[in-house]
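The values are calculated or read from the model by the stated rules, or taken from the named source; none is laboratory data. Just so you know, these numbers come straight off a predicted model, no measurement behind them. Glycine gets a Cβ as well: all are built from the backbone with ideal geometry, and neighbour counts include every protein chain shown. Remember, those area values only see protein heavy atoms, side chains included, never the ligands or the DNA or RNA. Shrake-Rupley method; radii C 1.70, N 1.55, O 1.52, S 1.80 Å.
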Amino acid sequence: MGFKVVILEGRTRPGGRVKTRKMKGDGVVAAADLGGSVLTGINGNPLGVLARQMGLPLHKVRDICPLYLPDGKAVDADVDSRIEVSFNKLLDRVCKLRHSMIEEVKSVDVPLGTALEAFRSVYKVAEDSQESMLLNWHLANLEYANASLMANLSMAYWDQDDPYEMGGDHCFIPGGNERFVRALAEDLPIFYGRTVQSIRYGIDGVRVYAGGQEFCGDMALCTVPLGVLKKGSIEFVPELPQRKKDAIQRLGFGLLNKVAMLFPYNFWGGEIDTFGHLTDDPSMRGEFFLFYSYSSVSGGPLLVALVAGDAAIKFELMSPVESVKRVLNILRGIFHPKGIVVPDPVQAVCTRWGKDRFTYGSYSHVAIGSSGDDYDILAESVGDGRVFFAGEATNKQYPATMHGAFLSGMREAANMLRVARRRSLVLSDKVNNDLEKCDTLDKLFENPDLTFGNFSALFDPHSNDVGSHALIRVKFHGDKLNSSHLCLYGLITKKQAIQLSEMNGDGNRMNSLHRDFGVKLVGGKGLSNVAELLISRIKAAKPT
């Protein structure tokens, strides 16, 4: 939009929570998305538009998702279907309950998990072992969607963004989402390894201190994750408004982790994109509960296991070797009984988004006591249009998504342009006013009341008192003024103007003006209110 822009990036790569890792070994290669991976709904999705502009194919994530019991046996399809229906009914009942609660008591909120468990108990849902494991799998899937434990989610507003969901298929981008990042970062001046310590803002602009350097600009756009704002890693001077600080604390920022494994060959079959695994330990229901097959899009036999909920937190305390071993035990439990050998992976990567100092988590959710309004508060600019905020946690309609982050950037680009235009109009008005004032003074001094050397004086037309105010002008000429002249003004008394006129030489007059009268000459726009009032009276008294 015509702005001169620089980007300060703490990491040594662009993309933030979009990270594609190239994995290889034993003649196989694959691109693994360790952060944002799925385009959640392609209809109207700006990333879908971007993919088409870049000529990237889209791979629809197929709906078939077989589930397996802890002993490796497939879950009975009828039981699976029945529990899924029951789970959705539980959510509907919670939804009806909260509407009546919010109408009666405006500020009531409880954990979503508590409400669901209460209804599960009342309606006796999932009472046998297999049904209970299935229900826990659906709860783990919900914790994955929100990157948080059910105990942390607001019953009242956890799904406030549902009405805005993008329609259409969920899709993968072959080669990974880094392809978007590379295209968007092309030809941009990005300073890598610049961790921002401080953002100072005021009427004269913004100063950002990062990596021992100071960067100055008219405006700054802060796109750090909510986890970084919660941690207080960046100092804002002046401090952020209390309203924004409260919203930062209220909104939730949770955790999702992954284990990406590249195998020497695809042993799980190419007809599915997802499959799930149940556990009989409810506290670990999110551990490797869902597997994504990227064989059709990554370029190689790649499986990614998801870790959600409480398990995602415990996962970061476990060694990567132990984590991969546990995943392999699950896979072998599923495939060995079918006579399928599960080989060791040629390479495996475990994420640690919670320990990453540039994120401290994965993505936002509506926590207990929060609401969708907090996303809007996070999006508000501060410092009268000096510091702006973007990122998934500033997008009420599309939080926790890549397209939500992308759209928030577009939104702030428009906001910054609007502020810049408004500011330039104000500046233009000021310049015009200053020019108009200079024209007025030039006209008034065409017929001064007193002239001596390079001095001229205008008297108050409403008073003959020698103590009344007078406006003096001193005209300076010189080589450096390009054969033009500079005019400075001062407010003195009529008596002082007469005294100056009786002196010999402008040098003596200037000395007397500063030494004896204590007058400091200024430009036309630096005159005091008293001088402005005198000019108005002189102007009104002059014939038009």
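Based on the Cα coordinates of the stretch 446-541, what is the per residue volume of their convex hull in Å³? Don't skip to the answer; put the middle values down first.
Numbers: hull volume 10.4 nm³, N = 96.
Roughly 108 Å³ of hull volume per residue.
Which order do Val349, Val5 take by accessible area at a 1.4 Å probe, largest first? Present the calculation step by step, with values, prior to reporting the outcome.
On the way: Val349 15, Val5 75 Å².
Putting Val349, Val5 in descending order of accessible area: Val5, Val349.
Could you work out the local net charge near Ser319, counting Lys and Arg as +1, Asp and Glu as -1, over the other residues with Cβ closer than 11 Å to its Cβ? Can you show the working numbers first?
Details: positive: Lys325, Arg326; negative: Glu316, Glu322.
Combined, the nearby Lys, Arg, Asp and Glu give 0.
Considering only protein heavy atoms, with the full assembly of protein chains and a 1.4 angstrom probe, order Val522, Val426, Val94 by accessible area, largest first.
Greatest to least solvent exposure: Val426, Val522, Val94.
As I understand it, the value is the acute angle between the Cα axis of helix 320-335 and the longest principal axis of the Cα atoms of the chain; what does it come to in degrees, rounded to 10?
Taking the Cα atoms of the chain, the angle to 320-335 is about 40 degrees.
If packing is taken as the mean number of other Cβ atoms within 10 Å per residue, what is the order of 69-81, 40-52, highest first?
40-52, 69-81
Please report how far the C-alpha centroid of the stretch 344-394 lies from that of the stretch 321-339, rounded to the nearest whole angstrom.
33 Å
As an exercise, use a Förster radius of 41 Å and the Cβ-Cβ distance of Asp71 and Val108 to find the FRET efficiency, rounded to the nearest 0.05.
With R0 = 41 Å, the Cβ-Cβ based efficiency is 0.45.
By average Cβ neighbour count within 10 Å, what is the ranking of 171-182, 202-213 from highest down? Before the final figure, lay out each step's value.
Details: 171-182: 20.5, 202-213: 14.2.
By packing density, highest mean first, the sequence is 171-182, 202-213.
Once you wrap a convex hull around the alpha carbon atoms of the stretch 1-78, what is its projected area averaged over all directions, in nm²?
Dividing the Cα hull surface by four gives the mean projection, 10.8 nm².
Pop the C-beta distance of Ser512 and Lys443 into the FRET formula with R0 = 30 Å and round what comes out to the nearest 0.05. List each step's numbers first, then the result.
Details: r = 28 Å, r/R0 = 0.94.
Using R0 = 30 Å, I get an efficiency of 0.60.
Per-residue accessible area for Met402 at 1.4 Å probe radius, Å² rounded to 10?
40 Å²
Pairs Lys19/Lys230; Lys443/Lys539; Lys19/Lys314: which exceed 20 Å Cα-Cα?
Where the Cα-Cα span goes over 20 Å, the pairs concerned are Lys19/Lys230; Lys19/Lys314.
Could you calculate, for the chain, the ratio of the Cα radius of gyration to the Kirkwood radius, expressed as Rg to Rh?
Result: Rg/Rh = 1.22.
Strictly over 24 Å apart at the Cα level, which of Lys437/Lys520; Lys24/Lys73; Lys60/Lys96; Lys245/Lys396 would you flag in this model?
Check vs 24 Å cut-off fails for Lys24/Lys73; Lys60/Lys96.
At 1.002 mPa s and 20 °C, plugging the Kirkwood radius over alpha-carbon pairs of the stretch 249-322 into Stokes-Einstein gives what diffusion coefficient in µm²/s?
Values: Rh = 13.6 Å.
Rounded to a whole number, D works out at 157 µm²/s.
Can you classify the stretch 1-160 as rounded, prolate or oblate using the Cα gyration tensor, where a ≥ b ≥ c are the square roots of its eigenvalues, rounded means a/c under 1.5, and otherwise it's prolate if a/b beats b/c and oblate if not?
Note, shape of the stretch 1-160 comes out oblate.
What FRET efficiency comes out for Val79 versus Ser100 if R0 is 30 angstrom and r is the Cβ-Cβ distance? Round to the nearest 0.05.
After rounding to 0.05, the efficiency reads 0.40.
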